[in-house]
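Heads up: the structure comes next, in structure tokens.
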Amino acid sequence: MITIEVRRPDAAELHAAGRLTVAAYVADGHLEPGDDYGDWLADTAARADDVVVATAGDEVLGAVTWCPPGSPHREVAQADDEGEFRALAVDPEHRGRGAARALVEACLQRGRELGLTSVWLCSLAEMTKAHRLYESLGFQRAPERDWVPHDAPDLVLLAFCRTL
């Protein structure tokens, strides 16, 4: 059993978080090399205040972007009492060790600390393993907030919500 620490990254970990997020999305077939979304995923410096990492020792296992009210990175959370997380990714070599669960739990905790009423996320339909994780943590589908990105009209993002 490894000990996973979830926290704000230092500069080197922030860069590693961007690399591993892109690598995880590419490995899972959710991102093509050269995709504009890949540029956003890689640019963790632009959202440095919102990135959280899961580490074991000196190794970054995974990362997530926490989007509190007012964050320019929110996509599905709408109200001032709603939080959101995006770009959850775990290095493919470190999956199954609890990093994703720890990162989601950290986002839920941040939402509670801020007095939010809910935490939102969106996901691709084929990310069924992630959906099982979200559902095990109390998230429910919220199809009324499913959406299609303006630059990817063939892509439907499924909304999930967890009441706090």
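Things worth noting here:
- Under a model in which nothing but the beta-carbon of Lys, Arg (+1) and Asp, Glu (-1) is charged, segment 56-112 shows a dipole of about 120 debye around its Cα centre.
- For segment 70-163, share of DSSP beta bridges that run antiparallel, in % to the nearest 5: 75 percent
- Taken along the Cα-to-beta-carbon direction at a fixed 7 Å, the label points for A46 and A12 span 2.6 nm.
- Cβ crowding within 10 Å averaged over residues, with 148-155, 135-142 ranked highest first: 135-142, 148-155
- Farthest toward the positive end of the dipole of the chain, out of P33, H94, P149, is the Cα of H94, where the dipole comes from beta carbon charges about the Cα centre.
- For the chain, the share of DSSP beta bridges that are antiparallel, to the nearest 5, is 90%.
- Maximal additional length on extending the Q140-L155 stretch stands at 3.4 nm, based on 0.36 nm per residue less the C-alpha distance.
- Relative contact order for segment 88-164, counting Cα pairs under 8 Å that sit 6 or more residues apart, in percent: 32 percent
- Taking the chain and dividing mean pair separation by its residue count, relative contact order in percent (alpha carbons under 8 Å, at least six apart): 19 percent
- The magnitude of the dipole of the chain, with charges of +1 and -1 set on the Cβ of Lys/Arg and Asp/Glu and taken from the Cα centre, is near 640 debye.
Read the figures in this text as sums done on the coordinates, not as results from a lab. This one's a predicted model, so the numbers in the text were calculated from it and none came from an experiment. Here Cβ is always computed from backbone atoms with ideal geometry, including for glycine, and neighbour counts include all displayed protein chains.
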